[in-house]
Amino acid sequence: MLRRSPLKTMLVTILGTMLVTMLGSALPSSGFFGLIGVSQAAANTQQVAAAELVDTMMLDLEKLRATDTGDEIQRRERILNILDTYFDMDAVTRISVGQYWRVATDEEKTEYAELLREVLLRTILNNFDQLKGLVYTAGDINALGKKFVVVRGVFSDTLGDRPNVRVNWRAVIREGKPVKLFDIEIENLSLLDTQKQENIAVIRRNKGKFSALIDLMRERTE
């Protein structure tokens, strides 16, 4: 049986501005962001856990929007809680700079992690009211080896102004730890891989200095 729930908003901005560029700029100014799920009877426990993680995040985002008072401090805290609850931010931070994570100093790692969270947070805050008029339809669930699960779905515009967009939620499975998301693929294009390529390019243009990436991110948060 299909599960329906209305008003699921802004999910696609969680991992950065790329998704906003692809979807947010031309979204209708009003509407609902719905969720349509599929039966998971044939999926194993880990796959079900990953699919339920996405469903629960949708519900939390709906609740956040429905009860939002416009208080910026409260909104900021609640969005940070969603990031920390549903995404493996440690993994996102490490993967987003590739091999250069190993050469960064402890101080640089700490500052980069903080700056990355701030950039993601500001992206979400700046687009909080923009991503409306979408319906999300959950698709199939597949394991990638023993450590990763992909939950597939499709975003569609309720007004029919934009073509459907395929989305893959990539989750990591680790023994003794809860399932967490670490990447979003839009039409098979990984947001995390894209960010990683951009970050590495910045570091390489500056003779391998990790500090150059930090300087750039500081500018983005000023």
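Summary table
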read-out	value
Approximate spin-label separation ARG102-ASN206, in nm, with each point projected 7 Å along Cα-to-Cβ	2.2
Approximate spin-label separation GLU52-LYS147, in nm, with each point projected 7 Å along Cα-to-Cβ	2.4
Simple spin-label estimate for GLU118 and GLU187 in nanometres, 7 Å along Cα-Cβ	3.3
Pairwise FRET efficiency - ARG166 versus ARG220, Cβ, R0 = 35 Å, nearest 0.05	0.75
Neighbourhood charge, 10 Å Cβ-Cβ cut-off, centred on GLN46 and excluding it, Lys, Arg +1 and Asp, Glu -1	+2
Ratio of the Cα radius of gyration of region 178-222 to 2.2 N^0.38 Å, where N counts its residues	1.42
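A short reminder: the numbers here are calculations on the coordinates, not readings from a lab. Being a predicted model, the structure only gives us computed values, none of them experimental. All Cβ positions, glycine included, derive from the backbone under ideal geometry; neighbour counts span all protein chains shown.
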